[in-house]
Every structure is written in C-alpha cells, then in structure tokens.
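The values are calculated or read from the model by the stated rules, or taken from the named source; none is laboratory data. Bear in mind the structure is a predicted one, so any value in this text is a computation, not a measurement. Cβ atoms come from the backbone with ideal geometry, glycine included; neighbour counts cover every protein chain shown.
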Amino acid sequence: MFVILIKTLIFKENEVLLIKRSNSNFASYKWDLPGGKLEFKEDPIDCLKREVLEETGIDIEILDIASVDTSFEIDKIQYISLIYEAKYLKGDITLSCEHEDYIWINPKQALDMDLVYYTKNALKSHIKRKERLMI
C-alpha cells in the first residue's frame, strides 16, 4: 500500500514557512511543511492548495517540484513525499488544530530544528540546488 504526501516549501523573501505539529499519531511536536495526504482521484496541485489553505489560511503560488522522498513503515506502507516549492502571496497565518506554532526562518538555520525527516531532506535539497546555481 502507498500513501502519497504532498508538501511544500513556502518562501517569503528568503525565509521558509515551518509549522509545528500538535500531539498526533505521526511526528508529534516536530516542525513540518504545510501539506497533507493525496486523496484518491485528487490532483496533486489541488491537494496542495487545499491543504495549505486548511493548515495555514494563506494563498500561495506553486512554482515547481523540489524533491521526492520515500520511507517505509513496519506495517508495509510506503510513504512517498512529493515536495513542491511555492511563493507566499497573501494572507495571515491561521493554524489548524493539527498545528500549534509556525515560524518563517532561513532554510540553513531550520536544519538545526527538530524536523520531520522529509522536511529536513527537502531543505537540504533546496540549499544544495541554490549553492549549485551560485557557482
């Protein structure tokens, strides 16, 4: 069985938005990216827009796919994470009950936080990509 997660690195100037998960079945109190599970017959972009609006209350412009990650659970579920890059457009952050805090932070500084695994991997990929473009 597969579960597909659609997440996003949302940038406002040179900072990325992280949201802190509440107590839950998965990654309690870790810093995460906005997004969620892709529903059957749902378009990934529509899923991302819906999830970002539900979790944060903000509007974004989705730019491009940033990274793909996968992990396996003991119960034989494979999680595939598709992580997009997006630009903040407008709105005030209003967190859903699934999250308890948020922060706009420099991506390099974010690596020192207690992050969900795919969040850390996506941030590392983003930083590497930016460094390659600077050469």
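A few notes on this one:
Condition check ((1) touching a residue at least 24 places away in the same chain (Cβ under 8 Å); (2) closer than 17 Å to Asn14 by Cβ; (3) of a type in the set (Asp, Glu)) across all residues:
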| residue | (1), (2), (3) |
| --- | --- |
| Glu61 | yes, yes, yes |
| Phe72 | no, no, no |
| Ile83 | yes, no, no |
| Leu115 | yes, no, no |
| Asn121 | yes, no, no |
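- The one condition in (1) surrounded by 15 or more Cβ atoms within 10 Å (Cβ to Cβ); (2) touching a strand residue (DSSP E or B) at 6+ places or on another chain (Cβ under 7 Å) that Lys49 fails to fulfil: (2)
- Among (1) over 12 Å from the mean Cα position of the chain (by Cα); (2) outside any strand (DSSP E or B); (3) in contact (Cβ under 8 Å) with a residue 40 or more places away in the chain, the one test that Leu48 misses: (1)
- Residue list for segment 88-135, restricted to those being more than 23 Å from Tyr29 (Cα to Cα), in contact with a strand residue (DSSP E or B) (Cβ under 8 Å, 6 or more places away or on another chain) and of a type in the set (Val, Ile, Thr): none
- Unmet requirement for His126, which otherwise passes all of (1) crowded, with 17+ Cβ neighbours inside 10 Å; (2) modelled with pLDDT of 95 or more: (2)
- Annotation: of all residues in segment 66-109 being basic (Lys, Arg) and over 24 Å from Glu131 (Cβ atoms), the one that is nearest to the chain's Cα centre (by Cα) is Lys90.
- Selection from segment 81-105 of residues that are assigned to a loop (DSSP other than H, G, I, E, B) and surrounded by 13 or more Cβ atoms within 10 Å (Cβ to Cβ): Gly91, Ile93, Leu95, Ser96, Glu98
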